[in-house]
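First comes the structure, then the notes that go with it.
The values are calculated or read from the model by the stated rules, or taken from the named source; none is laboratory data. From a predicted model like this one, the values you see are computed outputs, not experimental measurements. So basically every Cβ, Gly included, is an ideal-geometry build from the backbone, and we count neighbours across all protein chains shown.
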Amino acid sequence: MDRIASFEVDHTTLQKGMYISRIDGDVVTYDIRTRRPNVEPVMENAAIHTVEHLFATYVRNSEFRDSIIYFGPMGCRTGFYFLVRDMAHEDAIRLTQDAFSFIADFEGDVPGVSAAECGNYRDHSLPGAKKEARAFLPILRNVTVDCLKY
């Protein structure tokens, strides 16, 4: 089998940040890396799950709603993948910054957290998601288009 592109990234040197993971036609996959792989403890599942719900809700209600394809966690629990189409890199960065700010300040009921709406509705942590977002915001504030390369 061919080796997939994400396994070509040297995870021993990868830093926290936002990167272009791949481009497939008009679809860009961003690697939103909240942890240094194999160095820092991974994110807790409940926090990841809540970040996913809040980030996805925020971006799918933004002016870029028609460009959003997917947002979800990496299996290694060191970050997220964010897939968009027809969006400038500057806009993807700004939208990601805004979404993490939204999560850091979120109060109230997390969208989609009921048995009818979510396949694992009991596994959420709003305090954990807010903590993750607050910790990652200083990294995101420094991201520019020039930073998007691994």
Residue pairs meeting the criteria (Cβ under 6 Å; at least 6 apart or on separate chains; first closer than 14 Å to Ser67 by Cβ, in the range 24-40; second among the hydroxyl-bearing types (Ser, Thr, Tyr) and surrounded by fewer than 22 Cβ atoms within 10 Å (Cβ to Cβ))
Thr29/Ser21; Thr29/Tyr81
Based on what the data block shows, is Val27 among the β-branched types (Val, Ile, Thr) and more than 25 Å from Val113 (Cα to Cα)?
yes
In the range 13-55, which residue that is charged (D, E, K, R) and assigned to a loop (DSSP other than H, G, I, E, B) is surrounded by the most Cβ atoms within 10 Å (Cβ to Cβ)?
Arg35
Scan the range 115-138 residue by residue and report those that are buried (at least 18 other Cβ atoms within 10 Å of the Cβ), closer than 19 Å to Glu40 by Cβ and touching a residue at least 40 places away in the same chain (Cβ under 8 Å).
Ser125, Gly128, Ala129, Glu132, Ala133, Phe136
Anything in the range 94-114 that is surrounded by fewer than 19 Cβ atoms within 10 Å (Cβ to Cβ) and closer than 27 Å to Cys147 by Cα? List them, or say none.
Arg94, Gln97, Asp98, Ser101, Phe102, Ala104, Asp105
Considering each of Ser62, Ser101 in turn, give the residue that is more than 26 Å from Ser6 (Cα to Cα), in a loop (DSSP other than H, G, I, E, B) and among the hydroxyl-bearing types (Ser, Thr, Tyr).
Ser62
With (1) in contact with a Phe, Trp or Tyr (Cβ under 9 Å, 6 or more places away or on another chain); (2) assigned to a loop (DSSP other than H, G, I, E, B); (3) over 25 Å from Asn142 (Cβ atoms) as the list, and Asp10 as the residue in question, which single condition is left unmet?
(3)
Only one of (1) in contact with a strand residue (DSSP E or B) (Cβ under 8 Å, 6 or more places away or on another chain); (2) at pLDDT below 95; (3) under 22 Å from Glu132 (Cα atoms) is not met by Ala5, so which one is it?
(3)
Which numbered condition Gly112 fails, given (1) in contact (Cβ under 8 Å) with a residue 40 or more places away in the chain; (2) in a helix (DSSP H, G or I); (3) in contact with a helix residue (DSSP H, G or I) (Cβ under 6 Å, 6 or more places away or on another chain):
(2)
Using beta carbons and a limit of 7 Å, which pairs, at least six apart or on different chains, have the first residue in the range 80-95 and in a helix (DSSP H, G or I) and the second one among the polar types (S, T, N, Q) and surrounded by fewer than 18 Cβ atoms within 10 Å (Cβ to Cβ)?
Leu95/Ser62
Being in a loop (DSSP other than H, G, I, E, B), farther than 20 Å from Arg141 by Cα, touching a Gly at 6+ places or on another chain (Cβ under 7 Å) and not aromatic (Phe, Trp, Tyr): is that true of Cys76 here?
no
